[in-house]
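These notes are about the structure you will find just below.
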Amino acid sequence: MALSQLLVEDRQVPLNATSELPALFDGTTRLYISYTCPFAQRVWITRNLKGLQEKIKLVPIDLPNKPAWFKEKVNPANKVPALEHNGKIIGESLDLIKYVDINFDGPSLYPLDPEKRDFGEDMLKYVDTTFIKNVFASFKGDPAKDTASVFDHLENALKKFDDGPFFLGELSLVDVAYIPFVQRFQVFLGEVFKYDITAGRPKLAAWIEEMSKMVAYTQTKTDSEYVINFFKGFM
């Protein structure tokens, strides 16, 4: 089946407390996700970009009503994403996107160029330790002021390589790591605080536009209304 056909998938009903445990370690590679979790979305996007829709089965979980077996049998951390592969379970989204890129067929999503790889590692460290935390903290203050430094950091990072509109010039895991959160922050800050994160940041605006052309990403997006209501809980 052609990749273009594979990219359009129907969403299954998430498994909940009444659902039976899948036949674990039967040779099937399963990616446990939630349709609304940005961390799980990273791995979902990576799977799609590499054309692995037939090799990695999506198993959506209803997080507010999780099956008891998920923690007991699948992931003791009781979190998504989790990947069942070769008789073991692997977690943590940034580790998983690298794992999927390295251990499965499909186009490589991390360049070989040492300078790009070093910069990519810096950006992957920054996303969870600084970027996400800073923006969430701003919900209780003045986001336009409190997030200026981190969104400027992204704008400047997008200027480093001029061989394409992405963080490393070419599409990579760095873009995958950031887009679920940037998309959510753009929606929420724009709607609730009337703050346009792309104002004065043309590279960021162009990057979001470029990412939004990819079905591998857009079919994983979460409904804007859900994002707004969920993020209001952090105010």
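Every read-out reported here was derived from the displayed coordinates using simple, explicitly stated rules and does not represent laboratory data. Fair warning: this is a prediction, and the values are worked out from it, not measured in the lab. Here the Cβ is made from the backbone with ideal geometry for all residues, glycine too, and neighbour counts use every protein chain on show.
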* Structure fact -> The ³J(HN,Hα) series, computed from each phi in the stretch 15-23 with the Karplus coefficients 6.51, -1.76 and 1.60 at θ = phi - 60°, rounded to the nearest Hz and given as x for glycine or proline, is 6, 10, 4, 9, 7, 7, 5, x, 6
* To do: Give me the distance between the Cα centres of the stretch 172-194 and the stretch 83-143, rounded to whole Å.
  => 15
* Against the globular-protein guess of 2.2 N^0.38 Å, express the Cα radius of gyration of the stretch 20-125 as a ratio, rounded to two decimals. => 1.11
* Structure fact -> Scalar couplings 3J(HN,Hα) for the stretch 84-100 by Karplus 6.51 cos²θ - 1.76 cosθ + 1.60 (θ = phi - 60°), nearest whole Hz, x for Gly and Pro, are 9, 8, 6, x, 9, 10, 10, x, 6, 4, 5, 5, 5, 5, 5, 4, 5
* Taking 0.36 nm per intervening residue step and subtracting the Cα-Cα distance, what contour gain separates A206 from K194 on full extension? -> 2.3 nm
* **Length released on extending from E121 to T29, taking residue separation times 0.36 nm less the Cα-Cα span** => 30.4 nm
* the stretch 125-224: C-alpha pair distances exceeding 17 Å, % -> 49
* What share of the DSSP beta bridges in the chain is antiparallel, in percent to the nearest 5? -> 65
* What length, rounded to one decimal in nm, is gained on full extension from S108 through to K73, with 0.36 nm per residue of separation minus their alpha-carbon distance? -> 9.4 nm
* Spin-label pair T129/L21, simplified geometry with 7 Å Cα→Cβ offset, distance in nm -> 3.7
* To do: Let me have the 222 nm mean residue ellipticity of the chain computed from DSSP H runs of 4+ only, each contributing -39500 (n - 2.57), with the sum over all residues rounded to the nearest 500.
  => -12500 deg cm²/dmol
* **In sequence order, calculated HN-Hα J values of the stretch 54-62 (Karplus, 6.51, -1.76, 1.60; Hz; x Gly/Pro)** => 8, 9, 10, 7, 6, 10, x, 10, 7
